[in-house]
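One structure is given below, encoded as structure tokens.
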Amino acid sequence: MTEPVKVALLGCGTVGSEVTRMLLDDPGELAARVGAPVELAGIAVRRPDKHPELPQHLITSDATALIDSDVDIVVELIGGIDPVRGWLLSALRKGKSVVTGNKALLSEHASELAEAADESGADLYYEAAVAGAIPLLRPVRESLAGDRITRVMGIVNGTTNFILSAMDSTGAGYAETLDEATRLGYAEADPTADVDGYDAASKAAIIASLAFHSRVTAADVHREGIAGISSSDITAAKSLGRTVKLLSICERVTEEDGSESVSARVHPVMIPKSHQLAGVGGAFNAVYVEAEAAGQLMFYGQGAGGAPTASAVLGDLVSAARNKVAGGRGPRESAHAALPVRPMGQTPTRYHVSLDVADKPGVLAQVAQVFAAHGVSISTVRQRDRRSTASLVVVTHQAPDAALRSTVDEIDKLDVVREVISVMRVEGEAE
Ligand SMILES: NC(=O)C1=CN([C@@H]2O[C@H](COP(=O)(O)OP(=O)(O)OC[C@H]3O[C@@H](n4cnc5c(N)ncnc54)[C@H](O)[C@@H]3O)[C@@H](O)[C@H]2O)C=CC1
Ligand SMILES: N[C@@H](CC=O)C(=O)O
Ligand code: NA
């Protein structure tokens with residue numbers, strides 16, 4: 001009989017409890033897939049007394065002792081940086097493979113974790129960290145390893161998509177929908193990580209690193225969340241046949257001198273209702289990957305929640321276990337390209353600007369003049385007259401984000417502009 005592959009599980013919350021269930025559900029089937037029995041050797045939890053539902057002989061509050069025991073694979077589903085970072089580095093340095101869903105950790109410390117894995121020949125897998133159940137990182141890292149990825153864009157945070165979808169479809173309020181997302185197990189332990197865009201920025205950093213063979217950290221990603229999106233923004237978007245989504249956009253950029261850089265950003269975007277991403281509702285995620293030879297690929301599925309995320313964890317666990325049985329490791333990551341990160345201000349974007357202006361002659365010309373002075377060309381203008389004011393909706397062509405930003409600042413100061421009602425970036429509309 002082949003030696004069992006022994007697994008330590010750290011954390012048993014929303015995702016960890018589903019991983020436990022799947023591991024204990026059908027051990028015979030799992031053994032057949034791996035080529036050896038997979039043995040859950042222990043579960044480290046903070047408060048053992050809070051887990052009467054778990055097999056008591058497996059529970060411990062001593063994660064370090066569990067990691068240092070004769071386990072082969074450590075599955076980490078606690079989250080956050082400390083103390084997890086030290087535990088996982090120690091496991092990897094001892095040749096134990098690590099499977100984690102911890103995007104906060106990966107987006108800051110992938111480099112040292114990957115080095116530790118390379119030195120000892122262990123696997124470091126984290127498919128659950130980005131877009132939950134959706135197989136995204138493995139296709140990017142392995143299936144597309146011979147192609148040249150140029151762009152990865154999509155919805156990678158389930159909680160904010162759940163909130164924005166509810167605001168759009170039922171007019172539900174922000175706070176009540178966030179509470180519901182937390183109850184359903186989508187939100188992070190601190191949900192500000194979701195609503196302020198930190199979670200999506202961490203995921204963008206992980207995606208950009210793998211797609212562009214570079215090391216991009218969360219701090220390199222321009223980040224804006226959805227806290228500033230009001231129901232009137234959603235209503236305004238709806239009246240124009242558009243909707244608002246929090247998008248993560250990672251691009252390979254060729255500079256004028258032929259050198260390359262990476263642009264990575266997370267911010268709310270207005271897209272037409274006809275856009276495929278507009279139909280992605282609830283906690284679902286969807287990601288487009290564009291590569292030179294492959295063209296456009298789309299990945300869609302459940303981006304958050306216990307069972308969907310556990311599916312990705314189990315996939316990684318089976319891969320790592322198979323590698324142990326075969327006596328090797330899976331493909332390593334490459335970060336050789338080391339592309340620099342392009343600042344957001346230089347990144348070309350398009351703006352949708354909605355203004356309340358005085359209803360008198362020459363206003364449109366004054367506003368258009370400010371756009372022209374900043375080198376921003378206008379794609380469309382719509383004007384609607386009211387009693388003493390008018391509303392102007394301007395959609396621009398692409399321009400550097402900093403130029404667009406300073407255009408809006410200057411427009412805000414014009415006497416004829418009563419209010420800048422909303423400013424949002426635009427994707428997916430004809431230039
Ligand atoms: N919930 C989701 O939909 C998804 C979560 N993730 C990631 O998976 C990880 C776990 O997430 P959830 O299960 O939702 O979190 P959770 O908060 O439900 O579970 C975390 C568990 O870790 C335990 N824990 C905390 N400190 C500990 C310590 N020092 N020792 C042992 N246990 C400790 C907590 O008591 C809790 O049971 C996080 O990194 C999260 O970002 C990734 C994708 C989706
Ligand atoms: N909080 C995250 C969970 C999955 O990564 C989200 O809402 O997407
Ligand atoms: Na995934």
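Values for this structure:
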read-out	value
Matching residues in the range 152-172 - criterion: being within 14 Å of ligand 1 (Cβ to nearest atom) and assigned to a helix (DSSP H, G or I)	G158, T159, T160, N161, F162
Residues of the range 137-149 satisfying the condition of being buried (at least 18 other Cβ atoms within 10 Å of the Cβ) and either of a type in the set (D, E, K, R) or touching a Ser or Thr at 6+ places or on another chain (Cβ under 9 Å) (or both)	R138, R141
Strands (runs of 3 or more DSSP E) enclosed by the range 316-431 - at least 1 residues per element that are more than 30 Å from R141 (Cα to Cα) and in contact with a Gly (Cβ under 8 Å, 6 or more places away or on another chain)	none
Residues of the range 77-136 satisfying the condition of being open to solvent by 40 Å² or more (accessible area, probe 1.4 Å) and within 12 Å of ligand 3 (Cβ to nearest atom)	P135
L137 being touching a residue at least 24 places away in the same chain (Cβ under 8 Å) and more than 16 Å from ligand 2 (Cβ to nearest atom)	no
Selected residue (only one of A175, A201 is surrounded by fewer than 24 Cβ atoms within 10 Å (Cβ to Cβ) and either more than 11 Å from ligand 1 (Cβ to nearest atom) or over 19 Å from P308 (Cβ atoms) (or both))	A175
Within the range 41-66, considering residues that are of a type in the set (G, A, S) and outside any helix (DSSP H, G or I), the one most open to solvent (accessible area, probe 1.4 Å)	S61
Test: S165 is within 17 Å of F284 (Cα to Cα), open to solvent by 10 Å² or more (accessible area, probe 1.4 Å) and either among the hydroxyl-bearing types (S, T, Y) or within 12 Å of ligand 2 (Cβ to nearest atom) (or both)	yes
Filter result for the condition that a residue is modelled with pLDDT of 95 or more and farther than 26 Å from S90 by Cα, over A36, A32	A32
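Results for (1) within 24 Å of the chain's Cα centre (by Cα); (2) touching a residue at least 60 places away in the same chain (Cβ under 8 Å), shown as yes or no for each residue.
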position: P55; (1), (2): no, no
position: I59; (1), (2): no, no
position: D68; (1), (2): no, no
position: G79; (1), (2): yes, yes
position: W87; (1), (2): no, yes
position: G95; (1), (2): no, no
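The values are calculated or read from the model by the stated rules, or taken from the named source; none is laboratory data. A quick note: this is a predicted structure, and the numbers were derived from the prediction, not measured. Neighbour counts are summed over all protein chains in view; Cβ atoms, including those assigned to glycine, are modelled from backbone coordinates with ideal geometry. Note: accessible area is taken over every heavy atom of the protein model, side chains too, but ligands, DNA and RNA are not part of it. Shrake-Rupley method; radii C 1.70, N 1.55, O 1.52, S 1.80 Å.
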